[in-house]
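Just below is one structure, and these are the notes that go with it.
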Amino acid sequence: KAEAALVRIGYYRLSEYWHPMRQVAPAVQGQPLTLLHIFQAGARFSDAADLYVFDKRLRLLMLDAIERIEVALRVWCAHTLGARDPYIHRDWRALDPDFVAKDHANWLSRIDSSASKSREDFIANFLKEYAPPIPLWVSIECWDFGMLSYFVTGISTTDKTAMAVRYGLPRRELLTSLVRSINHVRNICAHHSRLWNRVLVDRPKPPKAGEIADLDHLASDQAAQNRLYAVAAAIQYLLKDIHPTSTWSARLKR
């Protein structure tokens, strides 16, 4: 069974799940801990394999929630910003100056390339009737979460504040950092990388004490801020507004 699992999953992918089962070398003052190539007593290969399956289920569960949030953010941008200007995403005067200076041209190239390669019927039908460029509410349906997160960061300060308020976030910085962190977790899940027992590189900015009652416990918990829990708690906070009848939090707890 072990050999079959290694052939099916691969040694290095699976080794991340038995990593915490290795013995630790005696501590030397001023030196980082060293893991030995010896397992702790009682370590079992089946535990690592079970953790691998658990992590797969965890990634699928996170993607389920992220999909709902991604679609909701797309709709807000399409309806709220698109109602003001169908091509607001192309108008540098309506966007954040830092985004325009650093990323806007490259970002436009990416979204245009995505639309040109799309095989979606709605793109073909639109181009039969109208000349490009494609308006925001059509274009946005071709974006991946990375493109969307860039756009949320790149909209004007006023629009970021309005979007944050819409989703119960008292500061726009909380919105942009959370969207980036959700995109980071989404990329981990989409590439089938390990999510369990991982320190996140792109972490959401923690709310200050008293800002958001449901997330108040994160304000002073450094360990939670660095791990998946902070993103999961923030996702649940958003889902309570976006999809109030969702059972996602109960499934995550199980």
Exercise. With the condition kept exactly as written, say whether any residue in the stretch 66-83 is modelled with pLDDT of 95 or more, exposed (fewer than 12 other Cβ atoms within 10 Å of the Cβ) and touching a Gly at 6+ places or on another chain (Cβ under 9 Å).
Key: no
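Can you confirm whether the stretch 36-50 contains a residue that is under 24 Å from the mean Cα position of the chain (by Cα) and open to solvent by 60 Å² or more (accessible area, probe 1.4 Å)?
Start the filter on the stretch 36-50 by keeping residues that are under 24 Å from the mean Cα position of the chain (by Cα), which leaves none.
No, the stretch 36-50 has no match at all.
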Practice problem: Determine which single condition Tyr130 fails, assuming it passes every other condition in (1) open to solvent by 70 Å² or more (accessible area, probe 1.4 Å); (2) modelled with pLDDT of 95 or more; (3) aromatic (Phe, Trp, Tyr). | Solution: (2)
Exercise. Select from the stretch 133-170 the residues that are polar (S, T, N, Q) and either under 20 Å from Gln236 (Cα atoms) or crowded, with 21+ Cβ neighbours inside 10 Å (or both) and list them in ascending order.
Key: Ser139, Ser149
Exercise. Note down all Cβ pairs under 9 Å where the first residue falls in the stretch 94-114 and is closer than 22 Å to Ala131 by Cα and in a helix (DSSP H, G or I), the second is open to solvent by less than 30 Å² (accessible area, probe 1.4 Å) and of a type in the set (S, T, N, Q), and they're at least six residues apart or on different chains.
Key: Ile111/Ser139; Asp112/Ser139; Ser114/Ser139
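Scan the stretch 215-227 and tell me whether some residue there is of a type in the set (Asp, Glu), on the phi < 0 side of the Ramachandran plot and either in contact with a strand residue (DSSP E or B) (Cβ under 7 Å, 6 or more places away or on another chain) or touching a residue at least 40 places away in the same chain (Cβ under 8 Å) (or both).
Going through the stretch 215-227, the residues of a type in the set (Asp, Glu) turn out to be 216, 221.
Keeping just the survivors that are on the phi < 0 side of the Ramachandran plot gives 216, 221.
Remaining after also requiring either in contact with a strand residue (DSSP E or B) (Cβ under 7 Å, 6 or more places away or on another chain) or touching a residue at least 40 places away in the same chain (Cβ under 8 Å) (or both): none.
Checked the stretch 215-227: no residue is of a type in the set (Asp, Glu), on the phi < 0 side of the Ramachandran plot and either in contact with a strand residue (DSSP E or B) (Cβ under 7 Å, 6 or more places away or on another chain) or touching a residue at least 40 places away in the same chain (Cβ under 8 Å) (or both).
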Self-check item: Enumeration of residues in the stretch 37-51 that are in a helix (DSSP H, G or I) and among the small types (Gly, Ala, Ser)
Solution: Ser46, Ala48, Ala49
Practice problem: For Ala232, indicate whether it is free of Cβ contacts under 8 Å to residues at least 12 places away in the same chain and either farther than 25 Å from Leu81 by Cα or buried (at least 19 other Cβ atoms within 10 Å of the Cβ) (or both). | Solution: no
Quiz prompt | Number of positions in the stretch 5-22 that are farther than 24 Å from Arg227 by Cβ and either charged (D, E, K, R) or assigned to a strand (DSSP E or B) (or both) | solution = 1
Quiz prompt | Pick from the stretch 1-33, criterion modelled with pLDDT of 90 or more and among the β-branched types (Val, Ile, Thr), ranking: most open to solvent (accessible area, probe 1.4 Å) | solution = Val7
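The values are calculated or read from the model by the stated rules, or taken from the named source; none is laboratory data. Since the model is a prediction, treat every value here as computed from it, not as a measurement. Ideal geometry is used to build each Cβ from the backbone, glycine not excepted, and the neighbour counts take in all protein chains shown. All accessible areas refer to the heavy atoms of the entire protein, side chains included, with ligands and DNA or RNA removed. Shrake-Rupley method; radii C 1.70, N 1.55, O 1.52, S 1.80 Å.
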